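Coordinate-derived values only; no laboratory data. All figures in this text were calculated on a predicted structure; none of them were measured in a lab. Cβ atoms come from the backbone with ideal geometry, glycine included; neighbour counts cover every protein chain shown.
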Amino acid sequence: MPEYVGDDALVATQARIRDRQGRFANAPWFSNGGRIVNYVDPKPETWPQAREIAETDGLLGLPCVPRDGVEAMVETHLGPGWTPHYWEVFLGEAADVLPVCKEVIDSVALPDGWQVKAVLRADPDTVDAVQALNVATGLAPYPAYFMRGDGPLTLTVVIRARDGRLVATSSYCMRYHAQSRFGGIAFVGLVSVDASCRGMGLGKLANALAHVHGHRQIGCSGMMQFAAPDNTASHRMIGACGLTHHPEQVFAIVTRTTDRPSR
Ligand SMILES: CC(C)(COP(=O)(O)OP(=O)(O)OC[C@H]1O[C@@H](n2cnc3c(N)ncnc32)[C@H](O)[C@@H]1OP(=O)(O)O)[C@@H](O)C(=O)NCCC(=O)NCCS
């Protein structure tokens, strides 16, 4: 089981982010996203710390920032030579999202013998299978320690076919500091459905299961999800689970290279 996934530079970045966990415990404006540091609460006094991390890692996440302000903010605080990549923002209160997700769970029937699990401490085989499916669907997987339970509280959902093959996965993560502006908000994502099983409701089901089981086993007051602007299936999946699109905001990842870091 690889601890980290990607090329040498990505592996080194994921290891560095893990090493910063102690520092982040006292810095609510940062959040360990596993593959990236999220700078949750941009402020003039903490931008120098964020710049140092961005320059070391070659990338930085900016969750839920005003759509119109990203380029100017990056230019002002990071300087030239950075490429912003954007994801749409979906938000919901737990009280609104959970009843909708329960309806989704009741409405999607799995074929005979297929199994669902939602675990806080994934075993090595599950971690391997989830990472492989995420890579196959174009997503950057969480490092193994997240799914093992050694990072921010994370719940992993797996749906397996009768023969044991992993066909869908999703994740729920309490990655934001309790004292940050997203204290109490869970991040739900990394939803992947095997290409041979798309369009049968598995994405909606996996996503809904992450919300319901994550809330039950970890707890939260609200949920957040992101989707690439052109990922219609993901937009519909998230909307079907009761979250609302907030087009005035974006999740931005700024990178040193022009490559988009995940789907
Ligand atoms: C996004 C993804 C998880 C959806 O899984 P899925 O099992 O195919 O989706 P579902 O069958 O549950 O359908 C979910 C909704 O999307 C719609 N949908 C599914 N595929 C679609 C497509 N290709 N185009 C447009 N809408 C689509 C469905 O009609 C449904 O909407 P509805 O409830 O309003 O009818 C899957 O396409 C995938 O693994 N993509 C690659 C990884 C990815 O992008 N993950 C999301 C990251 S945020």
Summing -39500 (n - 2.57) over the DSSP H runs of n ≥ 4 in the chain and dividing by its residue number, what mean residue ellipticity at 222 nm do you reach, to the nearest 500 deg cm²/dmol? -10500 deg cm²/dmol
Compute the acute angle (0 to 90°) between the alpha-carbon long axis of helix 94-107 and the principal axis of greatest extent of the alpha-carbon atoms of the chain; round to the nearest 10°. 30 degrees
Report, in degrees rounded to the nearest 10, the 0 to 90 angle that the Cα long axis of helix 202-217 makes with the longest principal axis of the chain. 70 degrees
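If r is the Cβ-Cβ distance from Arg236 to Ala95 and R0 is 30 Å, what FRET efficiency results, to the nearest 0.05? Write out the running numbers ahead of the final one.
On the way: r = 22 Å, r/R0 = 0.75.
E(calc), rounded to 0.05, equals 0.85.
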Which order results if Cys220, Cys241, Cys64 are arranged by neighbouring Cβ count within 10 Å, fewest first? Cys64, Cys220, Cys241
Fewest-first ordering of Lys117, Lys43 by Cβ atoms within 10 Å yields Lys43, Lys117
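Less than 11 Å Cβ to Cβ from Gly61, Lys/Arg counted +1 and Asp/Glu -1: what total charge do the surrounding residues give? Walk me through the numbers on the way to the answer.
Working: positive: Arg35, Arg175; negative: Asp57.
Net charge in that neighbourhood comes out at +1.
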Ranked on Cβ counts within 10 Å of their own Cβ, fewest leading, Thr137, Thr258, Thr13 go Thr258, Thr137, Thr13
So which GluC sites (Glu not before Pro) in segment 1-93 are both in a DSSP loop and have at most 15 other Cβ atoms within 10 Å of their Cβ? Glu3, Glu45
